[in-house]
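In what follows, a single structure is set out as structure tokens and then discussed.
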Amino acid sequence: MLLPLGSADEIGPSVTNRHVVLEKFRKVTADRGFREIATPVVEYASTFIHPSVGMMLQDMMKWFNAQGEIEVLRPDWTTAIARALGGRPISHQKWAYQGPIYDLRKPGLERHQAGIEIIDLPELLGEVECLLTAVAFLKNLKIGPVIIELAHAAIFDQFVQPLGLEEETKEKLRKAMHDKRKDEVASLVTKYGDAVAVNAFMDLIDAYGTSTILEVYQEKWCGQPERLSVLNHLRKLVAVLQDCGVDDVLIDLGSVKKMPYYSGTLFRGFIKANGNVCFSGGRYDPLYDYFGKKTTAVGLAFDVDVLADELRPEPKRERICLVATEDTLAQAEKLRQQFPNAIVDIRFSADGTYDRVVYVEKDPQNEKAVDAHGSLYSPE
Amino acid sequence: MVPCIALSKGRLEKAAIDFFEAEPLVDKGRKLCIETNRYRFIFAKGIDVATYVEYGIADLGIVGEDILLEYQPDVFDLFPLSFGQCRFSLAGKPGHIVTGPKKRIATKYPNITLNYFRKRGESVDIVKLEGSVELAPVLGLADAIVDIVETGSTLKENGLVVYDDIRPISARLIANRSALKVKREVLKPLLERFQEKEVGA
């Protein structure tokens, strides 16, 4: 039987690696006080397509239910969790989740994510906890080096506000900034602003680099308290990261939010060796506001498939075959416990694929095992 | 770690090769992958250039804006280049009268065509063709075409006229979203060179 385009059976290392990633994620997040949350894989489309959320119906796997309502396979974890937590009187603040999402824009129908959501904590504390959880998790997986990129959704809004743009034009400008499409940005800003505004936007597109760029823009944006406040916030995050041994920090002041609900700091992690994005997230207080909870909210999601690809193979373990008979199966099972660090298989005969073969002989008085050469085996 | 640059074969190929002034490119023959001491070049069809850049195989790419508008790859679309300039036009036979209930438009670019007619508030049917689009109105397959027009001579030789100029386009420099940041130290001098050349052009 064939599979639909984008679907795949997974056998062997790709499944094993994914489970290793998820097991370590559970351990790291549990140790840091995160509680687990899961939402259903089937939701109403209306949860995701409201303008406050901003997802597009054409990007979702969807169908009509018997009542004519559109249901979708979960396209986004953050929104689903905001829906789940927003309507509940919950006091716990740190949440962890793991599971698939379905997004028709991405190759492959199913993407696996694991992520964290932190609500109701002071801004800096929540963001630092997000980033340092990511650092701890990646370190635990022995994945790296990783570059962390910091940006801030408010900068674009601050630049656009004086232009007095209509929503449609603002969206065009946001898209052009997202693509770093200089000619389009210049053309749009020219219609609504002066040469100073055009130059400021051109400069903003190129405002990415190491964290030293924050000092450069501290001078350039002198006398503009809103922008300086953003820089100051980013500088505090950089300082904490650097104090925790994370030196590869990138800043992109010209970065814009991809989803309308982002309202503050944005972050992404790149695998340095190949540029793959292994996590992304940011602050999205307005999303919880939309779902009925006035609170702070920040989180990030790891791309489990990217992380699973990056995992180094585990050290090879010895493979032992205990060759038993119908009468010695129980004895063999007892012997199995004596090889805690090996992969132990019990068979009636051994092929040549094992590192060691041990024959289990029936002796009710004195259980014994002999190795492949016939001598009595005694575990070390 | 030399930058990998994907170049479009065909219409934009010569101009892109001239731009880099790299000796091994001139006599590359049919090789699709060339490495100099400064760059690694790969040659592919326009849409594949965008795909190689989107997936991070290539760091930068030179590709026609037609590809970017039609397929919307997830890349940084940095700036226009001074070559490959032409325009998207709606064209057909002079004085042609539409007899069917809807106009039928032949094109290699169904998304661009649909967007254009939607903005005009007009419903049309689209026939997707892969090349020699000018044939469609001549042979009665379509009422008009939407296609790239460079000099207009192909239209003229096939007895077609431009009904409407949709938008000018050119070759563009695109970049992989991660590479532009992660490999910024090696890409920055190249981007500056591009910008200097373009400003001077």
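Tabulated results
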| read-out | value |
| --- | --- |
| C-alpha long axis of helix A:123-140 to longest principal axis of chain A, angle in ° | 30 degrees |
| Per residue accessible area of the protein assembly as shown, 1.4 Å probe, in Å² | 51 Å² |
| Fraction of beta bridges assigned by DSSP in chain B that are antiparallel (%, nearest 5) | 60 percent |
| Share antiparallel - DSSP beta bridges, chain A, percent rounded to 5 | 75 percent |
| Spin-label pair B:ASP164/B:LYS31, simplified geometry with 7 Å Cα→Cβ offset, distance in nm | 4.7 nm |
| Sequence-distant residues sharing a close amide H with A:HIS152 (under 5 Å, placed H) | A:SER255, A:LEU266 |
| Where A meets B: accessible area buried, both sides, 1.4 Å probe, Å² | 1600 Å² |
| Charge tally in the Cβ shell below 9 Å around A:ILE118, where Lys, Arg are +1 and Asp, Glu are -1, A:ILE118 excluded | -3 |
| Solvent accessible area, Å² - A:SER91, 1.4 Å probe, full protein context | 110 Å² |
| Accessible-area order (highest first, 1.4 angstrom probe) of the listed residues A:MET177, B:MET1 | B:MET1, A:MET177 |
| Net charge of Cβ neighbours under 13 Å - reference A:ASP289; Lys, Arg +1; Asp, Glu -1 | +2 |
| Centre separation in Å (Cα based) which lies between segment A:295-336 and segment A:146-193 | 48 Å |
| Cut-off under 5 Å, modelled amide H: who pairs with A:ASP76 long-range | A:TYR102 |
| Within the accessible area of chain A (1.4 Å probe), percent carbon and sulfur | 52 percent |
| Net charge of neighbours whose Cβ lies under 9 Å from the Cβ of B:LEU155, counting Lys and Arg as +1 and Asp and Glu as -1 | -2 |
| Spatial extent of chain B: Rg and Dmax, with the Cα atoms as the point set, Å | 18.9, 60 |
| Longest site-free stretch - chain B; sites: trypsin sites (Lys or Arg not before Pro), DSSP loop, at most 13 other Cβ within 10 Å | B:121-201 |
| Top of A:ALA195, A:ALA136, A:ALA30 by mean-square fluctuation, Gaussian network on chain A, Cα under 10 Å | A:ALA195 |
| Residues of segment A:334-355 with amide N under 18 Å of the 7 Å Cα→Cβ point at A:THR16 | A:340-346, A:353-355 |
| Antiparallel bridge percentage (DSSP; both residues within segment A:1-152; nearest 5) | 90 percent |
| Taking segment B:86-168 and dividing mean pair separation by its residue count, relative contact order in percent (alpha carbons under 8 Å, at least six apart) | 51 percent |
| Chain A, helix-only ellipticity at 222 nm - DSSP H runs n ≥ 4, -39,500 (n - 2.57), divided by all residues, nearest 500 | -11000 deg cm²/dmol |
| Carbon and sulfur %, accessible surface of segment B:86-168 computed with the full protein complex present, 1.4 Å | 50 percent |
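The values are calculated or read from the model by the stated rules, or taken from the named source; none is laboratory data. From a predicted model like this one, the values you see are computed outputs, not experimental measurements. When we count neighbours, we look across all protein chains shown, and the Cβ atoms used for this are built from the backbone with ideal geometry, even at glycine. Ligands, DNA and RNA are excluded from the accessible area calculation, which covers all protein heavy atoms including side chains. Shrake-Rupley method; radii C 1.70, N 1.55, O 1.52, S 1.80 Å.
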